[in-house]
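Read-outs throughout are calculated quantities, based only on the coordinates presented, and are distinct from any laboratory measurement. Just so you know, these numbers come straight off a predicted model, no measurement behind them. Glycine gets a Cβ as well: all are built from the backbone with ideal geometry, and neighbour counts include every protein chain shown.
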Ligand SMILES: [Fe+2]
């Protein structure tokens, strides 16, 4: 019987590089998931309901995309670190304001969170192009989706 390996036809260097680019994506999307819920719970204002609902979409998508990026790394045979302590230590997202906040402020703060995630996602899109097309495809899918969520939020505060 032949040995079964974690990932067939993908070099150790490639797997390591995929982990290098996708691990920060998992961290920032997990942070966005947690902080997005905080925003969802505390938004206030005349347009409360659509913003409250939209923030839940952002949260759901961030969670799905964190899973997508994490499972790409795991599928290639490396572990991923999505522990709360790791996410808290590594995220570059700014602290959200505590407590109830007007919707415009909430939207600005969540867009700041999204922009932090988009920066590491774009670095993954660019870096993975030379590394592994399937992993780059994961990053591209996430980037496209998160840019759309950013637009949906931005449209509430744009002139
Ligand atoms: Fe809710």
Most exposed to least, judged by fewest other Cβ atoms within 10 Å, 121, 140 sort to 140, 121
Sorted on mean Cβ neighbours within 10 Å (highest first), peptides 147-154, 54-61 come out as 54-61, 147-154
Calculate how steeply helix 133-154 sits against the longest principal axis of the alpha-carbon atoms of the chain, using the helix alpha-carbon long axis, and give the answer as 0 to 90 degrees to the nearest 10. 0 degrees
So for each of 17-26, 127-136 I average, over its residues, the number of other beta carbons within 10 Å; can you give me the resulting order with the highest mean first? 17-26, 127-136
For a quick protection proxy, order the peptides 8-15, 112-119 by their average other-Cβ count within 10 Å, most packed first. 112-119, 8-15
What does the C-alpha gyration tensor say about the overall shape of the range 84-159? Classify as rounded when a/c is under 1.5, otherwise prolate if a/b is larger than b/c, or oblate. oblate
Taking only Cα atoms, what is the 0 to 90° angle, nearest 10, from helix 48-75's long axis to the longest principal axis of the chain? 10 degrees
Centre separation in Å (Cα based) which lies between the range 90-136 and the range 55-80: 14 Å
Using only the Cα atoms of the chain, construct the convex hull and provide its projected area averaged over every direction, in square nanometres to one decimal. 10.3 nm²
Return one number: the angle in degrees, 0 to 90 and rounded to the nearest 10, between the long axis of the Cα atoms of helix 12-42 and the longest principal axis of the Cα atoms of the chain. 20 degrees
Before rounding to the nearest 500, sum -39500 (n - 2.57) across all DSSP H runs of length at least 4 in the chain and divide by the residue total; then give [θ] at 222 nm in deg cm²/dmol. -25000 deg cm²/dmol
